[in-house]
Amino acid sequence: MDESISQFLEGKKFTSPETIRTFQYTLQTFQSIIEDGGGDMKSLTEFDIHHYFRNREDKKVTTRQKEYSIILSFLNYHGWQDRMNGIEYPEEKVVSMERKSIDNIDIAKIKREIEKMNRKLNGDWKKGGKMRVAVIYSLIYSGLRVSELVNLNRDDLDVRERTGTIQVRGKGNKERTVPAPKELRRKLMEYLSERTDDNPALFVSNRGQRISVRNVQDILSRLNDRCGFKKGTVHPHVLRHSFLYQTAKKVPLTTLTQLAGHDDPKTTMIYTTPNLQEVGAKLDNLYLGDE
């Protein structure tokens, strides 16, 4: 086992022997694939990381999600996280054109519950509460991928009382600028007003570290239960889909494509296609008035 892996494992606190074995196996597999491809663990490159994940594309999504989190944690430990540029968190591919989104009523419920979860009975905010609220509002109002969200830095924001934008690094390290609506600006400014550290990351945990994809998933999982939704209803990609479906009603396709960070407008067209329920509603009155 490479020394860089040993140092990482020794410095990490594990909750169970099973977790230790999972980390060891994943990192040993990582080392093997890197070295078989001609790479060197002591001088990992962005190409090496891409090479590893290309070799894991035939694995189950849940397996690749676990590996993504472990590899990212390993790279963060050594300060090599920039070598993950362009690697997206593995998610189930949408194989049908039927939308995976939630409606405005459910969005309202999410906004209500995330605040209730993070306030004490006397109304004061819990530690990290404003950060968790800002995370959820960012997903609701920006349509960011979860990997884009956790990689944001404070200097990516330009938010003021009346206007605001977010500079996003997306797939292939391509940058785009998305607007920050007033509700999002307010939550971001409330959160940032209590930051006294010098960490460049926009979202940091109570331990003072940049939050991870897993942190976001955990927040959403607890929120999903609090809202009484079916298990797995609310996750980062569903909030992205919901934002894009709602925005598609208000902006041209070219603008939506830019906001989504898509290269091809054809990819974005799913958000402009009515679902079966909407089509059915339009057909209800198809022949009324025609004699």
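The values are calculated or read from the model by the stated rules, or taken from the named source; none is laboratory data. What you see is a predicted model, and the numbers here were worked out from it, not measured in a lab. Using ideal geometry, Cβ is built from the backbone for each residue, glycine included, and neighbour counts are taken over all protein chains shown. These accessible areas exclude ligands, DNA and RNA; they are computed on the full protein's heavy atoms, side chains included. Shrake-Rupley method; radii C 1.70, N 1.55, O 1.52, S 1.80 Å.
Worth a mention:
- Among the residues making up the range 178-193, those that are among the aliphatic types (A, V, I, L, M) and under 15 Å from Arg240 (Cα atoms) are Val178, Ala180, Leu184.
- Being closer than 27 Å to His262 by Cα, basic (Lys, Arg) and touching a residue at least 60 places away in the same chain (Cβ under 8 Å) holds for only one residue in Arg154, Arg222, Arg214, Arg226, and it is Arg214.
- Condition check for Arg240: open to solvent by 50 Å² or more (accessible area, probe 1.4 Å) and part of a helix (DSSP H, G or I): no
- Single unsatisfied condition, Ile166 versus (1) over 18 Å from His237 (Cα atoms); (2) part of a helix (DSSP H, G or I); (3) open to solvent by less than 20 Å² (accessible area, probe 1.4 Å): (2)
- Which numbered condition Ser101 misses (of (1) assigned to a helix (DSSP H, G or I); (2) open to solvent by 30 Å² or more (accessible area, probe 1.4 Å); (3) in contact (Cβ under 8 Å) with a residue 12 or more places away in the chain; (4) not charged (D, E, K, R)): (1)
- The numbered conditions (1) closer than 30 Å to Thr62 by Cα; (2) part of a loop (DSSP other than H, G, I, E, B); (3) modelled with pLDDT under 85; (4) among the hydroxyl-bearing types (Ser, Thr, Tyr) are all true for Thr267 except (2).
- Screening the candidates Ala180, Ala201 for the property of being touching a residue at least 24 places away in the same chain (Cβ under 8 Å) and within 18 Å of Ile107 (Cβ to Cβ) yields one hit, Ala180.
- If the condition is being surrounded by 14 or more Cβ atoms within 10 Å (Cβ to Cβ) and of a type in the set (S, T, N, Q), then the range 27-83 contributes Thr29, Gln31, Asn55, Gln65, Ser69, Ser73, Asn76, Gln81.
- Filter result (open to solvent by less than 50 Å² (accessible area, probe 1.4 Å) and polar (S, T, N, Q)) within the range 116-141: Asn118, Ser138
- Hey, Val178 of a type in the set (A, V, I, L, M), in contact with a helix residue (DSSP H, G or I) (Cβ under 9 Å, 6 or more places away or on another chain), part of a strand (DSSP E or B) and open to solvent by less than 70 Å² (accessible area, probe 1.4 Å) or not: yes
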